[in-house]
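Working notes for the structure below.
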Amino acid sequence: MNDFESTLRRTLEHAADQAPRLPGVLAGELEKGHQRRRNRSQALLAAAAVVVVAGGVVLGSRVGGDQGPSPAATPSSVPSVTVTGSGATPVPVILFKGAIEDVWPQAVYKMPAKDQDGRELRPILFIDDRTLLVRAWRSFDKTEVLYSYDLDLQKLRKIADVTTPKGTMQLAADFSVGDGQVAWWTMTKRAVHIWTAPLDGGEPRLAAEQKIENGAIPPVDGFDVANGNVVFSLPQGGVFSVPLTGGAVTPVPRGDGLHLLSWPWAGSPGATSHDKPPFTQLVNLETGQTSTAVVNPGEQLIACGVRTCIGGTKDEKTFTRLRDGSQQKEIPSGFQIPEPPSQSRFYIRNLFDDRPGLGLYDLNTGTVADLGIREEATRGEVPVPDRITGRLMSYKIKSGMYVIDLSKIP
């Protein structure tokens, strides 16, 4: 470990040591049923990332939540805050504006927390602008049913029961939608099983089985739906596809040795890398376009997404910026997850000391909106953006189930 890595780790660990601790149940609840998130967290920790949330330590999730059209896309506007010196990073501001339903009412929805049979409901991602994919369970890590939920009509509709084959070691994970289908995978001792079902409703179909090496956990480190296919990558590297209707698993051109981030982007190292920050190198598997994240002298990247990266400097500051090194913004202390910001601008962070709980922070404006999460954080109720688009956040508190559409915040 070099001097910079030591400084970064020491600074972040010091911040964690100074914070009051949450009960141990928080870490357990966050990890339960989220094997991929645990492995991604370990990869980020390997890059010296330890971050404080709600008075405790919480680890990260998917590093691809800042999806955009391309690494060269036009960035969002820089916050209108004080800048010192030519080309200096904008100084972060924190402006508490109140409850999220008052600050950004157009982005906030409420929905039932349970279905008619008493199963817990949790939104997964947007199917379209007004419809959510929702999973239902009685045991947290075992999805039993998939629903769609119409935000306008406030109505659930059953899509499919979720199959759990005999001998399953990894329950249904990585639900993804596209081309009128929903796809997911399960794992038995020697194979990954890829399932699909029509969004209009119907029985699940076993689309393919992929043999796995040495019972790798997780056996899949990237999963998406695109162009009539399920596309996925393996921890040892390699991107593969199989038709949604079922068929043979075949390698994706240009995907040899790479890890899927979000179609069509794949890269290296993967999310479970212990040597380098994930996805500093990207390849567009459709066009062949490449992107290498810029690293300047005296700094270290922690993780990268499709558009942005997060890193730290020798003077113990954390920043986010575009992959090409432009539009750098300092991230104020107290943010939750050591990964690029969702939608290139949003983090979950601590509220101020006199307002315990969690808030949604907008890097572009410095605005913090209160999510209403208090003691719920000790039960693992910490919202994480959906792993595909980074658009959806959901969480349950005493007043109900909240759904936040980050794309609706101007």
How many residues does the stretch 354-372 contain that are over 17 Å from Pro105 (Cβ atoms) and free of Cβ contacts under 8 Å to residues at least 60 places away in the same chain?
1
Among strands (runs of 3 or more DSSP E) lying entirely in the stretch 265-321, which contain 2 or more residues that are surrounded by fewer than 16 Cβ atoms within 10 Å (Cβ to Cβ) and out of contact with any Lys or Arg (no Cβ under 7 Å at 6 or more places or on another chain)?
290-292
I'm checking my understanding of the structure. Among residues of the stretch 357-410 that are assigned to a helix (DSSP H, G or I) and of a type outside the set (Lys, Arg), which one is farthest from Lys114 (Cα to Cα)?
Ser407
Before we move on, is Gly247 more than 30 Å from Lys110 (Cβ to Cβ), surrounded by fewer than 22 Cβ atoms within 10 Å (Cβ to Cβ) and either out of contact with any Ser or Thr (no Cβ under 9 Å at 6 or more places or on another chain) or of a type in the set (Ser, Thr, Tyr) (or both)?
yes
Could you give every pair whose Cβ atoms fall below 6 Å, whose first residue belongs to the stretch 293-305 and is over 11 Å from Lys276 (Cβ atoms), and whose second residue is part of a strand (DSSP E or B) and of a type in the set (A, V, I, L, M), counting only separations of at least 6 or pairs across chains?
none
Output the number of the condition that Lys408 fails; it satisfies all remaining conditions of (1) closer than 29 Å to Val295 by Cα; (2) surrounded by fewer than 24 Cβ atoms within 10 Å (Cβ to Cβ); (3) basic (Lys, Arg).
(1)
Have a look at Val145, Val52, Val108, Val103 and point out the one that is at pLDDT below 85 and aliphatic (A, V, I, L, M).
Val52
Going through (1) farther than 28 Å from Leu392 by Cβ; (2) touching a residue at least 40 places away in the same chain (Cβ under 8 Å); (3) polar (S, T, N, Q) one by one, Thr188 fails only at (2)
Selection from the stretch 322-344 of residues that are aromatic (Phe, Trp, Tyr) and either surrounded by fewer than 20 Cβ atoms within 10 Å (Cβ to Cβ) or over 18 Å from the mean Cα position of the chain (by Cα) (or both)
none
Would you mention how many residues in the stretch 194-215 are part of a strand (DSSP E or B) and either of a type in the set (Val, Ile, Thr) or surrounded by fewer than 20 Cβ atoms within 10 Å (Cβ to Cβ) (or both)?
8
So, in the stretch 345-379, how many residues would count as being at pLDDT below 90 and crowded, with 19+ Cβ neighbours inside 10 Å?
3
Within the stretch 96-122, tally of residues that are of a type in the set (A, V, I, L, M), over 23 Å from the mean Cα position of the chain (by Cα) and surrounded by fewer than 16 Cβ atoms within 10 Å (Cβ to Cβ)
1
Residue check, Gly167 against (1) surrounded by fewer than 22 Cβ atoms within 10 Å (Cβ to Cβ); (2) modelled with pLDDT of 95 or more, all met but one. Which one?
(2)
Within the stretch 250-262, the residues that are in a loop (DSSP other than H, G, I, E, B) and either on the phi > 0 side of the Ramachandran plot or surrounded by 17 or more Cβ atoms within 10 Å (Cβ to Cβ) (or both) are Val252, Arg254, Gly255, Gly257, Leu258
Across (1) touching a Lys or Arg at 6+ places or on another chain (Cβ under 9 Å); (2) within 30 Å of Val231 (Cα to Cα), Pro383 clears everything bar (1)
Go through the stretch 219-234 and give me each residue that's in contact (Cβ under 8 Å) with a residue 40 or more places away in the chain, assigned to a loop (DSSP other than H, G, I, E, B) and within 16 Å of Asp174 (Cα to Cα).
Pro219, Val220, Asp221
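The values are calculated or read from the model by the stated rules, or taken from the named source; none is laboratory data. Note that the structure is predicted; figures quoted are calculated from it, not measured. Positions of Cβ are backbone-derived with ideal geometry, glycine not excepted, and every protein chain shown enters the neighbour counts.
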